[in-house]
Amino acid sequence: MERTSYFEADEHDLIGSRADLHEPGMNTKLTLPNGIELKFGQIIALGGDFYGVSNNPIIDINTDDTGSEENQRRRERFLAAYATLATKEFNANETNQLNTLVTMFNEEKAVRASGEGELHSHSEYGAASPNMLSLAIKNYDHFQPQAKQAYLVGHQLAMEKARVAARDTNVENKKKKLMEAYSLDAFAGHYLTDCFSSGHIRTPRVQLYKQLWIPLNGDYLSKYMHDEDSKFGLRVKNNKNTKWIAYGDGYLLKNGSQDNLQKVVQAVQKSVDQVHEAYQHPDREINTDVVTDLLPFVDPDAENNTPLFQMKDGELHMRSETDDLQSTGTTSDWTGAGAVLSLVGHDPENSALPSA
């Protein structure tokens, strides 16, 4: 299956590159516990999409438990995902794969900046990172509401590590632990930035997986809806009552997406600020609502396209006229295989939103 892309890898990298880590030298490179050196934005780009545990998402979609025991399991799963990039020892082949990915990110940023050349295909990324396709199959952590939850798990771990760094009296160890804290927040930042990609805001990713006889069909249908909402955008708002139009992967640097770029950079900066605050004031309580209040959700009072899929009274409904974005009719009388076949070459029209 072709990966369901989020903000493209170079877009994740770009977002992270605009964050100020407040400490000398750390905006340039972070040294991970295994000795690998990466920029903050590169870690955001790599986390989750290319490095992680493919059969063990951070958020367990089969439980609604949010108690202390489940939270501990989430922490363990996040750290296991983080370890695949940051703590395991890389052999020569794995090091080459990582270096290839970073080179590809840089090449894509140059293409977007110049407007000349071609972006790398998903198949090229898949060849560079064998883990990418397997991670895409159970990518629930990248969609709301799981993306917010996955981010918060990692963000809390990052702030805890920053407090440990603050209390270490050895200057060199203090620096290493603070770098680790920032790298944890960067890995978590992948899920934070996914929250701003319009294809991840209302796609019923988990329901499409759970409620179809063949889960793979749900994966394909999630991709169709993700790509549709990414291209045509959503009118959104946040808990600050700020309103804007969000677009998805490949559209971050388009003129119509400047508001979304500003909002996602602001959220990443607030997250970094909290890690630094935990380092400067290790005994201070820090309210993560400062970050999560910035996250977008569909503006219920604004005009948007009708979702390709949505939940109604516990049932998955599909837009009846799939080629008409503003058609309001829906139906629950469809099959996964039939829907996949009907959406081949999906190219809907009549958007309620301006193009990016």
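One residue is enough: does segment 89-112 have a residue meeting the conditions within 22 Å of Leu152 (Cα to Cα), within 19 Å of the chain's Cα centre (by Cα) and modelled with pLDDT of 95 or more?
Taking segment 89-112 and keeping what is within 22 Å of Leu152 (Cα to Cα), we get none.
Looking through segment 89-112, none of the residues is within 22 Å of Leu152 (Cα to Cα), within 19 Å of the chain's Cα centre (by Cα) and modelled with pLDDT of 95 or more.
Please go through segment 6-33 and pick out each residue that is modelled with pLDDT under 95, surrounded by fewer than 23 Cβ atoms within 10 Å (Cβ to Cβ), in contact with a helix residue (DSSP H, G or I) (Cβ under 9 Å, 6 or more places away or on another chain) and of a type in the set (Ser, Thr, Tyr).
Once the filter is applied, which keeps residues that are modelled with pLDDT under 95, surrounded by fewer than 23 Cβ atoms within 10 Å (Cβ to Cβ), in contact with a helix residue (DSSP H, G or I) (Cβ under 9 Å, 6 or more places away or on another chain) and of a type in the set (Ser, Thr, Tyr), segment 6-33 yields only Ser17.
Is one or more of the residues making up segment 290-298 modelled with pLDDT of 95 or more, among the hydroxyl-bearing types (Ser, Thr, Tyr), under 19 Å from the mean Cα position of the chain (by Cα) and on the phi < 0 side of the Ramachandran plot?
Yes, segment 290-298 has at least one match.
Here are some residues: Gly218, Gly189. Which one is surrounded by 24 or more Cβ atoms within 10 Å (Cβ to Cβ), at pLDDT below 95 and out of contact with any Lys or Arg (no Cβ under 7 Å at 6 or more places or on another chain)?
Exactly one residue qualifies, and that residue is Gly218.
Scan segment 270-324 residue by residue and report those that are touching a strand residue (DSSP E or B) at 6+ places or on another chain (Cβ under 8 Å) and among the aliphatic types (A, V, I, L, M).
Scanning segment 270-324 gives Val298, Ala302, Leu308, Met311, Leu316, Met318.
Tell me yes or no: at least one residue of segment 323-346 is closer than 30 Å to Gln266 by Cβ and in a loop (DSSP other than H, G, I, E, B).
yes
Given the condition out of contact with any Phe, Trp or Tyr (no Cβ under 9 Å at 6 or more places or on another chain) and not in a strand (DSSP E or B), answer yes or no: does some residue in segment 36-47 qualify?
Looking through segment 36-47, at least one residue is out of contact with any Phe, Trp or Tyr (no Cβ under 9 Å at 6 or more places or on another chain) and not in a strand (DSSP E or B).
May I ask you to list pairs of residues, at least six apart or on different chains, whose Cβ atoms are under 8 Å apart, with the first in segment 114-128 being within 17 Å of Leu46 (Cβ to Cβ) and charged (D, E, K, R) and the second being surrounded by 10 or more Cβ atoms within 10 Å (Cβ to Cβ) and modelled with pLDDT of 90 or more?
Glu124/Met104
How many residues are part of a loop (DSSP other than H, G, I, E, B) and closer than 21 Å to His200 by Cβ when one looks only at segment 282-322?
Residues meeting the conditions: 15.
Return the only residue of Ile44, Ile36, Ile59 being among the aliphatic types (A, V, I, L, M), over 30 Å from Asn96 (Cβ atoms) and surrounded by 16 or more Cβ atoms within 10 Å (Cβ to Cβ).
Sole residue among the options that is among the aliphatic types (A, V, I, L, M), over 30 Å from Asn96 (Cβ atoms) and surrounded by 16 or more Cβ atoms within 10 Å (Cβ to Cβ): Ile59.
What are the pairs, 6+ residues apart or on separate chains, where a residue within segment 261-274 that is closer than 16 Å to Val236 by Cα has its Cβ under 7 Å from a residue that is in a helix (DSSP H, G or I) and of a type outside the set (Val, Ile, Thr)?
Partner pairs satisfying both residue conditions: Ala267/Leu192.
So is Asp229 at pLDDT 95 or above, in a helix (DSSP H, G or I) and surrounded by 23 or more Cβ atoms within 10 Å (Cβ to Cβ) or not?
Here the answer is yes, as Asp229 does meet what is asked.
Residue by residue through segment 134-160, note down the ones that are within 23 Å of Gly218 (Cα to Cα) and either at pLDDT below 90 or of a type in the set (Phe, Trp, Tyr) (or both). Break it down into steps so the answer makes sense when it comes.
Taking segment 134-160 as the starting set, the residues that turn out to be within 23 Å of Gly218 (Cα to Cα) are 134-150.
Tyr140, Phe143 - these are the residues of segment 134-160 that are within 23 Å of Gly218 (Cα to Cα) and either at pLDDT below 90 or of a type in the set (Phe, Trp, Tyr) (or both).
Just one of (1) touching an Asp or Glu at 6+ places or on another chain (Cβ under 8 Å); (2) under 23 Å from Ile44 (Cβ atoms) trips up Tyr209, so point out which.
(2)
Let me confirm something: among Tyr247, Tyr279, Tyr251, Tyr224, which residue is of a type in the set (Phe, Trp, Tyr) and modelled with pLDDT under 95?
Tyr251
Here are some residues: Met104, Met179, Met132, Met159. Which one is touching a Gly at 6+ places or on another chain (Cβ under 7 Å), within 22 Å of Ile36 (Cα to Cα) and hydrophobic (A, V, I, L, M, F, W, C)?
Met132
The values are calculated or read from the model by the stated rules, or taken from the named source; none is laboratory data. Model, not experiment: these values are computed from the prediction. Virtual Cβ from ideal backbone geometry, glycine too; neighbours counted across all protein chains shown.
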